[in-house]
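Beneath this line is the structure, given in structure tokens, with notes to follow.
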Amino acid sequence: MRRSETNEVRTELVLENHARVLSFLLASVIPAAFVWVSMRSLAAITLTSDTYSHIPLIPIVSFYLIYSERRRIFSRPSPGWQLGTCLLLGGIVCFVLGRLNLWAIAPENMLSIEAFGIVLAWAAAFAFFFGSNALRAASFPFLFLLFMVPIPAPLLSRAIFLLQEGSAAIAALLFNVFGVPFLRQGFDFALPGVTIRVAEECSGIRSCLALVIMSVLAGHMFLRKFRNKIILCVLVFPLALFKNGLRIVTLSTLAVYVNAGFLHGRLHQYGGIVFFATALAPLALFLLFFQKSEGTNQPPFETSPSRG
């Protein structure tokens, strides 16, 4: 009789959890429906802009992180109405600002505000259905969702400019190291028979974003100390600049001494992954070094064994 009662209780708990999950998923659709036009714009830029091609993957990764750590996240049930209400109000404010556009902000910047509002609304729904303790335990997956928010245009332009400056400086250094004669004026390099410019398209913003996202995720999954996680993320920027400068110098040197077609050939168009590896490989080595310095090769991130 006791076993039967225990099975009934387990069944009720499973059904209740399934109902909460389903309710949360349904509630998560409402914010996107409320700003449907903006969501169409967000979907459009993921298809047309290489800078934001990562956006569709971000919610998938966040869902995987929550699922993998579900036993820790949902281990301490608690009410979440107060925290959820605060987050929901923040999301509503973002939606209203996006709709009214009182300060005549550019549409791409309003899209950033509304996307941020969706992240707040999703976090609010999570708090409502699973409690504040669960949301705090799932803070990283929800903070990770911020990578799906498009960078406001002024900040993006500034970041691209800084990447251009850094890449040009590294390229000049490497030209000197390899003994390639050049005359530099800003972002323009006059080489023997060839003139190149480190344009915005050559800034490497897409690969830099990819490295940042990967370092943040790897730090969460494989490192314990917050200091090491920060250092790993900071290392992305010099590595990204070196990778970009190396690409510029390699293509330019080949154009000068082999064939000018290298500036527009397959290596230029499809060789990005090769140069990306020159930044990814040392980043992986730093990750391994930090793991060993923490005295364990076991990652803090562990997937929960599935049970029926």
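Taking the C-alpha atoms only, the angle from helix 81-100 to the longest principal axis of the chain is near 50 degrees. If the Kirkwood radius is taken over C-alpha pairs of region 155-293, then at 4 °C and 1.567 mPa s the Stokes-Einstein diffusion coefficient equals 82 µm²/s. The angle between the Cα long axis of helix 153-178 and the main principal axis of the chain comes to about 40°, on a 0 to 90 degree scale.
Counting beta carbons within 10 Å around each of Y67, Y270 and listing the fewest first gives the order Y270, Y67. Semi-axis lengths, largest first, of the ellipsoid equivalent to region 155-230 are 33, 15, 9 Å, with √(5λ) applied to each eigenvalue of the Cα gyration tensor. For region 196-235, applying the loop criterion from DSSP together with a ceiling of 14 other beta carbons within 10 Å to the trypsin sites (Lys or Arg not before Pro) yields K225. Charge dipole of region 155-293 (Cα centre as origin; +1 on each Lys and Arg Cβ, -1 on each Asp and Glu Cβ, all else neutral): 600 debye, rounded to the nearest 20.
Its Kirkwood hydrodynamic radius, worked out from the mean inverse distance over all distinct Cα pairs, puts the chain at 22.5 Å. When only the Cβ of Lys, Arg, Asp and Glu is charged (+1, +1, -1, -1), the dipole of the chain relative to its Cα centre reaches about 740 debye.
Ranked by how many other Cβ atoms sit within 10 Å of their own Cβ, fewest first, the residues W122, W81 fall in the order W81, W122.
Using the Cβ-Cβ distance between F161 and A260 with R0 = 35 Å, the FRET efficiency computed as 1/(1 + (r/R0)^6) comes to roughly 0.80.
P(r) tail for region 2-148: Cα pairs beyond 26 Å make up 32% of the total. The 3J(HN,Hα) values that the Karplus relation (6.51, -1.76, 1.60; θ = phi - 60°) gives for region 215-228 are, in residue order, 5, 4, 5, 5, x, 5, 7, 10, 10, 9, 7, 4, 4, 5 Hz. Gly and Pro appear as x. Annotation: extensible slack from M221 through A190 equals 6.6 nm (criterion: 0.36 nm per residue apart, minus Cα-Cα distance).
Read-outs throughout are calculated quantities, based only on the coordinates presented, and are distinct from any laboratory measurement. Not measured: the values here are computed from a predicted model. Note: ideal-geometry Cβ built from the backbone for every residue, glycine included; neighbour counts use all protein chains shown.
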